[in-house]
Structures are given as structure tokens and as C-alpha cells.
Protein chains: 2
Amino acid sequence: MLRTPSLRLTVAQINPTVGDIDGNITQIVSAWLEYDSDTDLIVFPELSITGYMPEDLLLKDGFISDVERAIDQLIQKSATMKSAVLVGAPNRDKTNLFNAAYLIESGKIVSITHKVELPNYGVFDEKRYFTPGIRPEPTDFRDHKLGIMICEDMWFPTVADYLSSKSADLFIVINGSPYEPHKQSIRIQHARLRATQASIPLLSVNQVGGQDDLVYDGASFALNANGELILQCEEFMEEFQTFSFSNKNGIIHPQHAETQSLYQAATLGLRDYMRKTKQSQILIGMSGGIDSALSAAIAADAVGPQNVTCVMMPSDFTSDLSLQDAIDCATKTGTKFQTVPINGMVHQFMATLPNTSGLAHENLQARLRGIILMTLSNQYGAMVLTTGNKSEMACGYATLYGDMCGGYNVLKDIYKTQVYNLAHWRNGQKPLDALGNDGELINHSILSKEPTAELRPHQRDQDSLPPYDELDSILMGLIEEDLSPQQMTARGHNPEIVTKVSRLLKHSEYKRRQSAPGTKLSHRAFTRERRYPIVNGYQN
Amino acid sequence: MLRTPSLRLTVAQINPTVGDIDGNITQIVSAWLEYDSDTDLIVFPELSITGYMPEDLLLKDGFISDVERAIDQLIQKSATMKSAVLVGAPNRDKTNLFNAAYLIESGKIVSITHKVELPNYGVFDEKRYFTPGIRPEPTDFRDHKLGIMICEDMWFPTVADYLSSKSADLFIVINGSPYEPHKQSIRIQHARLRATQASIPLLSVNQVGGQDDLVYDGASFALNANGELILQCEEFMEEFQTFSFSNKNGIIHPQHAETQSLYQAATLGLRDYMRKTKQSQILIGMSGGIDSALSAAIAADAVGPQNVTCVMMPSDFTSDLSLQDAIDCATKTGTKFQTVPINGMVHQFMATLPNTSGLAHENLQARLRGIILMTLSNQYGAMVLTTGNKSEMACGYATLYGDMCGGYNVLKDIYKTQVYNLAHWRNGQKPLDALGNDGELINHSILSKEPTAELRPHQRDQDSLPPYDELDSILMGLIEEDLSPQQMTARGHNPEIVTKVSRLLKHSEYKRRQSAPGTKLSHRAFTRERRYPIVNGYQN
């Protein structure tokens, strides 16, 4: 049995911005100054200097040079510090770029550890940028031997086994690990295997925050050598914790239930997209339906109700109930409300192109609404939030350049049935970090009425699509499990409906290719994680 | 010195469709039947059964099973054939998927060769799908030893050296190698090194055709053991050639000059996007400017002038000259022409939102035009071709959901200065495969007038952007060479202009993310090849 490390460690679960090297260094140094006196080592996430994931910025020679200058700054700073830092950054030699962890102390680099296991599946493309490291040696640090690993290294036994064979007495893992449902349980499972097999305690530090269509949940944690959880940071929030394996455990924030995590992930994804692109105002086209209502609730929670404007754009087909529901939702969420009728424009358009009918006429209404929103967006400097959920995006049940207009889409990876769950959940409670109102935000009428696009008289979503329960069940099989229509039919679904849904899914790829980004919240998010050709002759 | 192989070989430079396994097998079998009596081996391109590149279709278990069934078909067919085939297809064992070449003869698989070097840079993501093969052994075939390689394998000495050490007497390389300028010279350079170092002749077969935002140029070729070119297929066309290294060389079609290649690449990219998504009609918003004129010329060459409709949508700011130029261009290209004025709709919109001014008013015009085009698209089942060139896409000099509306963009990867070159070039000649008119298509007035968006009185592109010569020179440095603004300034460009262009480039990433696909024609195409984050705090 190894002794328990006596080091004092500080978890720095920060929210860096991709590419903002100066800003990230400022965050790192300011945390360092704050915790320096009470700790031996402050641990920051994977690629903390660049933010995860800088994508093709990594191919720029100048970008890597700027990273090197930033590391020099940290080295200089370290001369005045009592404690050390472990930070993530790219590291290059003459021909290779590595995903690395720098341990910096007392005016010098103590060690540079290269990531061995480079994920190149799902949302990850690390082999596009990095060369895998060779087995990393433990780092001697203050009478301990640190077994430093980078994210994916912890998911396989190879690196940990080697570090353990070289007498490491503490595993430290730095991560850029995005949220998906149940991810934290899987992380802890892998970590527990590493810790218990080697009888070595393990600290895992993850970044938090949104980056384009990914959100990182944080939830940094520590396990003792028996694999017991002794520290866990909050999900979706920055957090710092100082602790020691030998005599002072950390705080264990509980994991949230799935619906709460989804809601918070969506909120943080949007909030950070706004903040990191330096935008504050959001515009939402309100229909009186559940999607725009939930989007308004999330937007209000993300940037504050005072920064959200809901715009109702009624036509001849808009019911009084929809108008009233839209007003009620704006009132309850505390967002601003504006009405811009589209009738005059529809009639003028019909005078210009009198033959517009059927689907063209339905799309026309959606597109005129899109123009109104984009005009308001241009005038007020507000970003339009588009509100198509994953079921709609999957089936192409949305108008390109119409209701698909917008800079971001919080519902993009949320199935319609999940939209209802989230609305009910948010009516019941308000998450800690939410900036929106307390109490019920989405009234009963919106939750209980039948979904309709109101683009022609008496239209119901179910005229074009199967009921959402059935639709989502089929879509989840085809998308999340990558099953064939035959396999879905074997599960008992109606073959005709399965074929229809499968065709819709395939033939709307061209729409999704032009859709707004939105936070990945499932196991298989469109575009970044499910990379399909548009030209696709595959029949299934 | 090895003896010269006496085999008769048939190059099958086909144009498969991604995912269309049945259709591709039909192409393969029909060529096989046609050339069977006169050849020993017909060589098809990399992944010819699936088309290159099937992307995440490869992750579907059912897709790989369907490929296996297709290979069984070929095996059965081979029992009735005199000759053999070499086809590309994925190949799996229990845990891995390989990018493979199958040699099939007389009712059985003679050999399966795995690709060793998997490209995972630029437009390629092969490490997402495939496991690299171990050193492949030569294949015994009709008294010869074939050294089979797959595309990237030929770009490095390792595989060829090993095959040569194992007494291979003929290199056969199957490829899915997309077009970019000067690519063919580089391919031949690598091939020549492999052939001459081993004194082994080499045949390289590439696919041809468009697939989403890539176009494959074909240009299959053969080198004798001295590295001399003895066969070269046409660029951008399907072609079959039967030849033997020992007594009958092939036909050597010359390489085209760069401008012609660019033009043909753009044309084929669009033609195949239309054909493979089963569309025939194209709509273009005409402005009277050079971009829409060149787009109309390429569209007419791609699908025939009778399938192209140019729509002029004049406003108060549209000059008589623009109207006349648009009519002239439609006449010369032989395309249909329609006029839909937008004034009535602009005025009606202003009655609805009277404060619309400045940029919002400019965008409004572009967006009303977008709606008109999309309405016509919905009514007639025609695809809108959007016309923003690479210089505009780089600077965000385009209206999202306005002139950016469209299913495809042939100019997306063509800088403005190249647009002029291509227009001049096409006025001088018509390529062999072009379906458009002979003679001058784009009149002098369009070529010589100053570029303007005509969204406000007396507007010129140069009011917002540097002159295009200067702009393109800066953009090419920043994009194609990945240089920093500092490096561009060191080249003698005005620092203020460089900073402005660099900022425009960075801040318009969100627009490009929602832009239509368009054929890669440069060394660094947006989106697939230049993968930038939208949230990007990097200052350079």
C-alpha cells in the first residue's frame, strides 16, 4: 500500500475562451494569486491556455508562438509564487505538435507531459492536430511522484499502468471533456478502475463552459486510492477547491438528475455563446407554441429577461389562443414583447408573385417572419435565437431562411418529447445559476395544446409527422443508436412510418448543413458528431 | 532490372455516387462486361463500391453489411468473367474497419489489401473511420506480383519499399484524390519517386466527379519503370483505357492550364451536385454584376441553358446599366430570364417597420430577393444557386438569409480576381463537356464596370472593402498560407488594411457556418478544410 499524498491541491475548474490566450492567462494568474498561499499545486484543465478546442488555430505557426510566449509569462510569474501550476497547452518540437500538460514551479518548467491517447471520434478530431506522446514518465514534485494524464489517457489502462510501474503516487488528470447525458458516471467508472487497480488516488479537473456547439460541464472530482469519491465540483459552474488526500477531503456536490443537467447545459451553452461573442441581447420569434416558449425561458435564464425580446408575428392563420399564450409566456418569463403582423407583407408579396400557394405559401410566411426578426436584429444589435427542436431538425420540418434564421439554437439537440420534460421541469424549479424569474414560466395551455405551425387553416404537426412519442422513438433509434429502418421495424414500429421518417432524416441533411449552431446535448448531435454527406445514395 | 509486366490492364476512371452501393456496383459490372474480353484486370478507384467519402455512413453496421453483400455479388459475377477486378471498399474484422482494395477473380477473393497511411488533415478524416493496415504483401496474379497501394500509401516510401523488397513487379494505386490546383503534378512527382526508386512501373487510378463540396478530377495515369508518363486520362470526365506496359502504351491527355481546370472543376462540382441529388433546374438571382453572370455561365455549362432561369429583382437603386447587363448575360448564356421588382415589397415592409435604415435596409433588400428566389424555388422545384465569391465569403460581405440563400455556390472557393479570369477565359473558349453556348457569354460592360451591390445610392464595393487586387492578396496570405497579420504587413501591405481584413475574416465565421456548400477549388477551402471556431478570442 502506497502512502496517501500529503500535498495540498487546488482544483481550478475554470471557463477559458478558445483562442483568447491573454484572457485565459489572466484567469490562470488571478486564480494562482488567490490560492497560492494555501496550496502546493493548482491544477487547470486540458489546453487551458488556449481553451478546448482551438481547431485550426492550432495549424497557425503564430498561434503556437503566442502560446509559447504565454507559457514564458507563467514561468516568470512562478518565480514569485509559493505554489506550482499544472496547465494544459500545445507543445511543439521541430516536426510535431503535442497536446501537453506543463508543470511550472519556481521560475522553471518542471515537466512537460504529452497526451498519448488522442480521441478522433464523435466530436473529437485530435489526430488532425496532434502527434501522440510516448509513455509519459512520472513528475517528481515536492517529495511525490505525479502521474500526469490528459483526458483520454485516463480512459485506457496503458498510461496509468506505466505510471504506476514507475512509482507514481498520485494521478492527476486534466480534461476538456464535453457534456453528454450520463458522461460523469462513465468518467468516474474509468477513473475508479485506474485508481483502484494501482491503489493510487486520482484527481480529475475538467473545464466548464460553452464553446460553439459544445458545453463542458466541469464536475471535476477526486477519488482516493480505494476509488471512493472524496470531492466533486458543481456541474456547469466555475469552481475552485483546495484539499488534500491525506487529511482534508473536498466538498462533494451531488450530480444532478438528467433533466436538470440538460437544462443547465443548454442554458450555459447559450450564455457562453453570447458572452464569448460579445453579444448581450436576444430576439425570439414567438408562436405561442412550446418550442419558442421554452427557448424564451432558457434565454431569460442565460442572459436575463431584460435582455430578451419576444416578437409575435401573427398572420391570418394565427389563433387568438396562440396570441394569448405568447403574451402570457412573455409576461411570466419577464421578457419584452413586441407584435409585428405579417398580413400586409403577405398580401403585397402575393401581388408580386400571385401564384404562390401550398408549401411555397407556408414557407413564405416563415421567411417573412425571418426577415422581420433579422431586420430587428440588425437594428438593435440583438442575436436571433432560432427554436427548431431536434425532432424538427431531423425531419426537415422547418423553413430554411425562415424559422431557421438565427445565430444559435438551444433546442437543436433536444427532441420534442424532451422539450416538454424540460418545460415541466423548469416550471417546478429554477436552477442556481439561472437569471430568469421564479415560478411557472410556461403556462398550462402551451404545455397541453396540440402542436401546430399555423401556416394554413386547421394545420397540425401530426398531419405531416407521426405523433411525437412515436417519431422520437424512431429518430432516437436511427440517430443515437445508428440502427437501420429494418432494425426499427423489428422493434415493432410501423414499417411505412419508419421508411418515411428515415427518408425525411436523410433528405433534410442539406437544411441542417445551413442551420444555426446549437449545444450538443445528446449522444449524437447533428453536424459535429453525426457527419453525413448531403449527396447520399444510401437507401437506408 | 525487372521485366516489364505483360498484363493487359484497364483503367476504370468512374464517377460513383457516395452511398449508392447498388448504383456503383451496376457501374462496375457494366464496365467489367464491356472490357472483360480484352483485359486481365480492370482497376477501379478507392472505395469505388461506396464512393469516396461516405463519412459517417461508415459507422453504420448495416452499411458495412450492405457493402459485404455487394462484394459477394462481384465474387459470384467473377466466376463468369475472364478478367479480374480490383475494387475499393471498406473491410472489417471483429474490431476494426479498414480502407481496402479487393482483388476478385474466378469466383473468389484473391487478396484484400489494407491502406496503411490514413490521411487525417485538410479535407480528410480517415482516422475517424479506419484502422491503418500493417505492411501489405504483394498479390500473386497471373504470373505477376502486384504491389497494391491505396492513395496516400503512394505519397510515402514505406509501403512501396516493402512491396519492392517482396518482389512486386507492378505498382497499382487506387485513389479518391480530390482536385486542387497543381495537384496532378504533385501526384506524378510522388508516383515517379516510387516507380524509379524501385524500377517498377506504376498505374494510378482516381475517381472523377463531384461529392458535396469536393470534386475529383480523375486524371488517372501510368508511369513506366523509368518514371515516364505513358498514359493519362482526361481531367473531370469518366474514361476507360486498356493498355499494357510491355507493348501498348495508353493515350496521354494533356493537363489543362490552371484556369481551365478551375472552370471545369466548378462546372463538374455543380453538375454532379444537381444530378446526384436528383435536381435539374437552377435559379439564379441576377444583379447585372460579374458574380451572377459567371455563375449563370457555369450553371448553363453544368446543366444546360434550358434548365437555368435568371431572375432580376430590381429596386430603386438598380441602374439601367445593371438591368441591361443582366438581360444581355441571360441572352448570351441562353438562359431563361424573369424580372420581379422588389419596390412594392420594400415599401410595404417600411410601412410595417418604419425605422429600418442603414445596414438593416440594405440587408432587407437582399433578404426580400432571397424570399422571392426561394418562393420560385419551392414552386418550380428549382435549386437556387447562390453567387458569393470567396473574397466576399471571407469578409462576410454578403447577407445571411439574403443573397446567401441557395443550395449550392459555385464561386464559394473562387476569389474575386479569379472570377474575372474565369469569365475572360470562358468568353474565349468552351470546354469539351460544357452544355452551354459558344462564344462570348459575359459582355464587356460586366467585365469592365466597377463592382457594386446597389443596395444604396452610389454604393461601390470599394467603399467597404479594399480594391480586390489588394484584398485578395491579403486574403490569400491569411487563408491559403495561414500567415499572421504581422507577416502580411512585413510583406508590404498597409497594417490598417491588414488588420481590418483579418478582423472581417474572423468575425464572419458565423456566416460561413450557415453558408451553402460549394466546390473546393483552392488549397484551403472554408468549412471542410479550414475549420475555425466561431467563438474565437484569438486576436490575429
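For A:Gly518, nonlocal amide neighbours, meaning residues 5 or more places apart or on other chains whose placed amide H falls under 5 Å from its own, are A:Asn409. Any chance you could give the angle, 0 to 90 degrees and rounded to 10, that helix B:468-479 forms with the longest Cα principal axis of chain B? The two axes meet at around 50 degrees.
Which of the three applies to the stretch A:8-248, rounded, prolate or oblate, going by the alpha-carbon gyration tensor with a ≥ b ≥ c and a/c under 1.5 meaning rounded?
On the way: a/c = 1.27, a/b = 1.13, b/c = 1.13.
Rounded shape, in that the Cα axes give a/c under 1.5.
Counts of other chain beta carbons within 10 angstrom of each beta carbon in peptide A:353-360 average 4. So how tilted is helix A:495-507 from the main axis of chain A? Cα-based, degrees 0 to 90, rounded to 10. Helix A:495-507 and the main axis of chain A meet at about 70 degrees.
Before anything else, pin down the relative contact order of chain A: Cα pairs under 8 Å, at least 6 apart, normalised by residue count, whole percent. List each step's numbers first, then the result.
Values: 1144 pairs, mean separation 63.1, N = 540.
Worked out over chain A, it gives 12 percent.
For the stretch A:1-78, trypsin sites (Lys or Arg not before Pro) meeting the loop criterion (DSSP other than H, G, I, E, B) and having at most 15 other Cβ atoms within 10 Å: A:Arg3. Computed over the stretch B:260-458, relative contact order equals 28 percent, with contacts defined as Cα pairs under 8 Å that lie 6+ residues apart. Placing unit charges on each Cβ (+1 for Lys and Arg, -1 for Asp and Glu) gives chain A a dipole about its Cα centre, and among A:Ala516, A:Gln255, A:Asn307 the Cα reaching farthest toward its positive end belongs to A:Ala516. Straight-line cross-link partners of A:Lys520 among the aspartates and glutamates, defined as a Cα under 15 Å from its Cα and at least 8 positions apart when in the same chain: A:Glu180, A:Asp212, A:Asp213, A:Asp217, A:Glu258, A:Asp272, A:Asp413, A:Glu480, A:Glu529. With a 10 Å cut-off around each Cβ of A:54-64, the average count of Cβ atoms from other chains is 5.
The label-point distance for A:Tyr380 and B:Asp140, in a model that sets each label 7 Å from Cα toward Cβ, rounds to 7.9 nm. Between amide H atoms placed 1.01 Å from N, distances below 5 Å from A:Arg531 occur with B:Asp56, all of them 5 or more places distant or on a separate chain. For the residue pairs A:Lys506/B:Lys412; A:Lys336/A:Lys506; B:Lys336/B:Lys449, the alpha carbons lie more than 29 Å apart in A:Lys336/A:Lys506. Each of B:Leu146, A:Leu7 was scored by other Cβ atoms within 10 Å of its Cβ. Listed from fewest to most, they are A:Leu7, B:Leu146. If a/c stays under 1.5 just call it rounded; otherwise compare a/b with b/c (prolate if a/b is bigger, oblate if not). Do that for the stretch A:466-506, with a ≥ b ≥ c from the square roots of the Cα gyration tensor eigenvalues. Rounded.
Each label point was placed 7 Å from the Cα along the Cα-to-Cβ direction; for B:Arg69 and A:Thr331 their separation is 5.9 nm. Distance between the C-alpha centres of the stretch B:484-501 and the stretch A:485-507: 55 Å, rounded to the whole angstrom.
Please label the shape of the stretch B:114-266 as rounded, prolate or oblate, based on the square roots a ≥ b ≥ c of the eigenvalues of the alpha-carbon gyration tensor (a/c under 1.5 means rounded; beyond that, a/b larger than b/c means prolate, else oblate). Let's see the in-between values first.
Working: a/c = 1.99, a/b = 1.20, b/c = 1.66.
Because a/c hits 1.5 or more and a/b fails to exceed b/c, the stretch B:114-266 counts as oblate.
Averaged over the residues of peptide B:372-379, the number of Cβ atoms from other protein chains lying within 10 Å of each residue's Cβ is 6.
Taking the 0 to 90 degree range and rounding to the nearest ten, how far is the long axis of helix B:290-303 tilted relative to the main principal axis of chain B, both from C-alpha atoms? Between the helix axis and the principal axis of chain B, the angle is about 40 degrees. Distance between the modelled labels on B:Gln76 and B:Arg503, one decimal in nanometres: 6.7 nm (7 Å Cα→Cβ projection).
When each of the peptides B:498-510, B:334-346 is scored by how many other beta carbons lie within 10 Å of its residues on average, the order from highest to lowest is B:498-510, B:334-346.
Taking amide H as placed 1.01 Å from N in the peptide plane, A:Met383 has its amide H under 5 Å from the amide H of A:Gln281, A:Ile282, A:Leu283, each at least 5 places away in sequence or on another chain.
Shown for the stretch B:9-249: lysine pairs separated by 8 or more places, or found on different chains, whose C-alpha atoms are under 25 Å apart, numbering 20.
In deg cm²/dmol and to the nearest 500, what is the mean residue ellipticity at 222 nm of chain B if only DSSP H runs of at least 4 residues count, each as -39500 (n - 2.57), divided by the residue total? Numbers along the way, then the final one.
Values: 17 runs with 202 residues, N = 540.
Here the helix-only value at 222 nm equals -11500 deg cm²/dmol.
FYI, it's all coordinate maths here, none of it is from the lab. Bear in mind the structure is a predicted one, so any value in this text is a computation, not a measurement. As a convention, Cβ positions derive from the backbone with ideal geometry for all residues, glycine included, and neighbour counts pool all protein chains shown.
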